[in-house]
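I have placed the structure first, in the form of structure tokens, so that the comments after it can refer back to it.
The values are calculated or read from the model by the stated rules, or taken from the named source; none is laboratory data. Keep in mind the model is a prediction, meaning the values are calculated, not measured. Ideal geometry is used to build each Cβ from the backbone, glycine not excepted, and the neighbour counts take in all protein chains shown. Only protein heavy atoms, including side chains, enter the accessible area calculation; ligands, DNA and RNA are left aside. Shrake-Rupley method; radii C 1.70, N 1.55, O 1.52, S 1.80 Å.
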Amino acid sequence: MNEARSLLSALPFCLSSLIDQSDPPEELRMRRGTAVLTKRGGVFHSEHLICTDELMEKTLSVLTNRSFYTHAETVNEGYLSLPGGLRVGICGSAITEGGRIRAVRDISFLCLRIPRPLPGAADRLFSEMQTLGRLDGVLVYSPPGVGKTTVLRELARLLTKRAGKAVALIDTRGELSAGLEDCPNLAVYLHYPKAAGLAMAVRTVAPDTVILDEIGPEECEGLFLCGHSGVQIVASAHAASAAELFSDPGISKLIAHGVFSLLVGLERRDGRQYFTFERVTKKDEAK
């Protein structure tokens, strides 16, 4: 995460001064012509700073190392993946061809999600997992921005350093593995497509546990196969409730067939994070 701090400190001073504090924000949001927003404890705060065209261009220049077009592939997918686990959501005006995005210009909005170590964030989950069987999978869910990635990152640290497990991390966007450089038994598949990284990890590095973030329809079939290959799967998904998970056909299939035995909900209230745990069995069907 030192790389992320170095990059953020190179931003225009009016932005870096908002970030370089004893209690840095979780997010910084910029939209041309409006006040810059910071997010702390799940609450947005309007700063006395307007995102001018000049500020937006300077910020983009720093974040892309003055070479915006070298990031064109991920920009077309809506984000910048930067050193140290820093992820930036990005949007503007799309140029399409045949229903596909070919380029994005006139960038109008940035969402900087600022990674930081949070010791203890996964302690409750880690403790709960000690009561599970060796192959029982875990699915962490919450709406966006509640802290799933942070929990998975800290869980990877605990599994490798405290429990002595061999862990494979599928880190498609370079965010999940930030700050885990001191974990020796952690195989990081950096920027691999999730499905390919998952299959490769199971085949080649003999992990006890595979961890991946934000699963969707493309990963569900691969997870179904890997979930029956003697490897524990820990993943996250966007959902506001367990009922939403069951409404997704791919995830419902995984739950019904025992790939995931523990559903873990995350919720943030009054700036604090709360867990809910629900045990499920193969007999549970989509509701």
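Just the number, please: carbon plus sulfur as a percent of the accessible area of the stretch 140-284, 1.4 Å probe, no ligands or DNA/RNA counted.
Of all accessible area on the stretch 140-284, carbon and sulfur atoms account for 52 percent.
How large is ³J(HN,Hα), in whole Hz, for each residue of the stretch 163-178 in order, when computed from phi with the Karplus curve 6.51 cos²θ - 1.76 cosθ + 1.60 and θ = phi - 60°, using x for Gly and Pro?
9, x, 8, 8, 10, 10, 10, 9, 10, 5, 9, x, 9, 5, 8, 4
Against the longest principal axis of the chain, how steep is helix 217-226, in degrees 0 to 90 to the nearest 10, with axes from Cα atoms?
In the chain, helix 217-226 runs at an angle near 30 degrees to the longest axis.
Accessible area per residue of the stretch 76-222 at 1.4 Å probe, in Å²?
44
Under 10 Å, Cα contacts only: if you run a Gaussian network model on the chain, which one of GLU77, GLU214, GLU97 comes out with the highest mean-square fluctuation?
Of GLU77, GLU214, GLU97, the Gaussian network model singles out GLU97 as fluctuating most.
Starting from the amide H of VAL188, placed 1.01 Å from N in the peptide plane, find each other amide H under 5 Å away whose residue is 5 or more places distant or on another chain.
Answer set, sorted by chain and number: LEU169.
Starting from the amide H of GLU214, placed 1.01 Å from N in the peptide plane, find each other amide H under 5 Å away whose residue is 5 or more places distant or on another chain.
When sequence neighbours closer than 5 places are left aside, the close amide H contacts are SER236, ALA237.
How much of the accessible area of the stretch 1-111, in percent, comes from carbon and sulfur atoms when a 1.4 Å probe is used?
Details: 3050 of 6120 Å².
Carbon-and-sulfur percentage of accessible area, whole number: 50.
How high is the relative contact order of the chain, in percent, counting Cα pairs under 8 Å that sit 6 or more residues apart?
15
What length, rounded to one decimal in nm, is gained on full extension from GLU278 through to ARG100, with 0.36 nm per residue of separation minus their alpha-carbon distance?
So the chain would gain 60.1 nm between GLU278 and ARG100.
Which residues' amide hydrogens lie under 5 Å from the amide hydrogen of SER241, considering only partners 5 or more residues apart or on another chain, with H built in the peptide plane?
none
Which whole-number percentage describes the relative contact order of the stretch 114-256, with Cα contacts under 8 Å and a sequence gap of 6 or more?
That works out to 27 percent.
Find how much the distance from SER46 to PHE109 grows on full extension, using 0.36 nm per residue of separation minus their present alpha carbon separation; answer in nm with one decimal.
Working: separation 63, 0.36 × 63 = 22.68 nm, distance 1.52 nm.
Value of the extension gain: 21.2 nm.
Give, in nm to one decimal, the length gained when the segment between SER9 and THR131 is fully stretched (0.36 nm per residue of separation minus the Cα-Cα distance).
This chain segment gains 39.6 nm when fully extended.
Counting each DSSP H run of 4 or more residues in the chain as -39500 (n - 2.57), what helix-only mean residue ellipticity at 222 nm follows after dividing by all residues, to the nearest 500 deg cm²/dmol?
Working: 10 runs with 86 residues, N = 287.
Here the helix-only value at 222 nm equals -8500 deg cm²/dmol.
Which one of PRO184, MET129, LEU155 is farthest out on the positive end of the charge dipole of the chain, using unit charges on Cβ (Lys, Arg +1; Asp, Glu -1) and the Cα centre as origin?
My answer, from the dipole projection, is MET129.
Please report, in debye to the nearest 20, how large the charge dipole of the chain is about its Cα centre when each Lys and Arg carries +1 at its beta carbon and each Asp and Glu carries -1 there.
That gives the chain a dipole magnitude of about 260 debye.
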